[in-house]
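Asks: I'd like to ask some things about the structure below.
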Amino acid sequence: MDVVVVGAGVTGLTAARALTDLGHRVTVFDKGRRVGGRLSTRVFANGGRADAGAQFFTARSNEFACAASEWEAKGLVHEWCRGFSSNDGHPRYAVRGGMGQLATALAGGLDVTCSVHVEQIRVGADGVIVTWPEAHGHGAGRVDADAVIVTVPVPQASVLLGSNVLVPPISYLPTLSLMVALDRSVEISSSGGLQLVEDPVLSFVGDNHAKGTSVSSVITFHSTSDFAASRLDDPISSISDRLLRAARPYLKRASVLETQLQRWRYATPVEVFPKRTFSTEDGRILLAGDAFGGPKIEGAFLSGMAAADQINRGA
Ligand SMILES: Cc1cc2nc3c(=O)[nH]c(=O)nc-3n(C[C@H](O)[C@H](O)[C@H](O)COP(=O)(O)OP(=O)(O)OC[C@H]3O[C@@H](n4cnc5c(N)ncnc54)[C@H](O)[C@@H]3O)c2cc1C
């Protein structure tokens, strides 16, 4: 079958890899400049690196634990710790060089085109038609497929599909991520990670150096969703200043060399659909993602696998 996958995050890349391995012809499009979506690693002027979105992953299901073991055996991922406030026995895996490297590895050998912002997905007489306008050096384009897997956040999927497909009403919470490169190491905790439960501004602090992601000291600070919701569209400088003020106590005597900010409008789905995919009646359009498999990397992987399986069974 000819399958188009919209979105090259964990879900899309997992589905594309599984379908390609089964012999289908798969093309992946992503509007970003590189693959990964919410797996994103920023690079700093001094060579430091920081994970902007997901910081680590856990593997609770056998299916995902098998994939994690394969990645670990290849040296792609490593165990960071087994909990932040105490050891709960569950490994937290980090990715060598940053979470973006996992996406790059998953994309290896696949037909992936970045910087293509899909505009519309509609059902034609013989299949599904995916179109995009001219932008970022790509001419306007169209591709016809037997089936399409849409892995973009559900509110965005709803826009692409128009009023002909009624998608499940799933909303998302935002997060703001401030990454701070420092002139020296600071100790955040014994593992380098800290989950904050009562702070009104910050929800997570992660030391990318302690995690093994960065050669130099770069700390990632994630905001609470309430803070992000109230500031999401403010200017970068004003958000960064406010987050940096909240971050100060963790920086101790270190000097700030550089900051970078990432806005995540669709960070975490509030509701999770009761099935791992949602499909149109004819099975030609499938929605998949962490809103279907569960709001984490593992859920995205499981949803991607389920979408591939569903398409393959219908082939
Ligand atoms: C701040 C933050 C912290 C997190 N921390 C963790 C964590 O520690 N552990 C964990 O397990 N999970 C964490 N998560 C969740 C995890 O990152 C996600 O569950 C997972 O990455 C979702 O993958 P996905 O492929 O479903 O979606 P995405 O990664 O969002 O991929 C969707 C892709 O679709 C593309 N796209 C969108 N619209 C279009 C369009 N019109 N045309 C073409 N392409 C389009 C986007 O560019 C994107 O690449 C975190 C997420 C955030 C934001």
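All of the numbers you see were taken from the coordinates with simple rules; none came from a lab. In this text the structure is predicted, and so the values were computed from the model without any measurement. In this analysis, Cβ positions are derived from the backbone assuming ideal geometry, glycine residues included, and neighbour counts consider all displayed protein chains.
Asks: Please compute the modelled spin-label separation between Thr131 and Asp2, points set 7 Å along Cα→Cβ, answer in nm with one decimal.
Replies: About 1.6 nm, to one decimal.
Asks: Please compute the length gained on full extension between Glu187 and His117, using 0.36 nm multiplied by the number of residues separating them and subtracting their Cα-Cα distance. All intermediate terms of the calculation are to be shown ahead of the outcome.
Replies: Working: separation 70, 0.36 × 70 = 25.20 nm, distance 4.11 nm.
Full extension of this stretch gives 21.1 nm more.
Asks: Can you give me the distance in nm between label points at Glu63 and Asp88, each placed 7 Å from the Cα along the Cα-to-Cβ direction?
Replies: Distance between label points: 2.2 nm.
Asks: Taking the chain as a Gaussian network, Cα atoms linked when under 10 Å apart, which of Cys66, Cys81, Cys114 shows the biggest mean-square fluctuation?
Replies: Highest fluctuation among the options: Cys66.
Asks: Another question, then. So between Val197 and Glu271, what do we pick up on full extension, going 0.36 nm a residue minus the alpha carbon distance?
Replies: 24.6 nm
Asks: For the range 114-171, take every pair of Cα atoms, bin their distances at 10 Å starting from 0, and report each bin as a whole percent.
Replies: In order of increasing distance, the bins hold 22, 51, 25, 2 percent.
Asks: Right, another one. Can you compute log10 of I(q)/I(0) for the range 203-315 with the Debye formula, treating each Cα as one identical point scatterer, at q = 0.11, 0.22 Å⁻¹?
Replies: After summing over all Cα pairs, the log10 values are -0.55, -1.15.
Asks: For the range 107-176 and the range 3-75, write down the distance between their C-alpha centroids in whole Å.
Replies: Here the two parts' Cα centres lie 18 Å apart.
Asks: Shifting gears a bit: Given the -39500 (n - 2.57) contribution per DSSP H run of 4+ residues, what per-residue ellipticity at 222 nm results for the chain, rounded to the nearest 500 deg cm²/dmol?
Replies: Rounded to the nearest 500, it is -8500 deg cm²/dmol.
Asks: Pull up the DSSP beta bridges for the chain and report the antiparallel fraction as a percent, rounded to 5.
Replies: Working: 43 of 58 bridges.
Here the share of antiparallel DSSP bridges comes out near 75 percent.
Asks: Which of the peptides 94-106, 154-166, 50-62 is most tightly packed, and how do the rest follow, going by the mean number of other Cβ atoms within 10 Å of each residue?
Replies: Top of the packing list down: 94-106, 50-62, 154-166.
Asks: With N set to the residue count of the chain, report its C-alpha Rg divided by 2.2 N^0.38 Å to two decimal places.
Replies: 1.01
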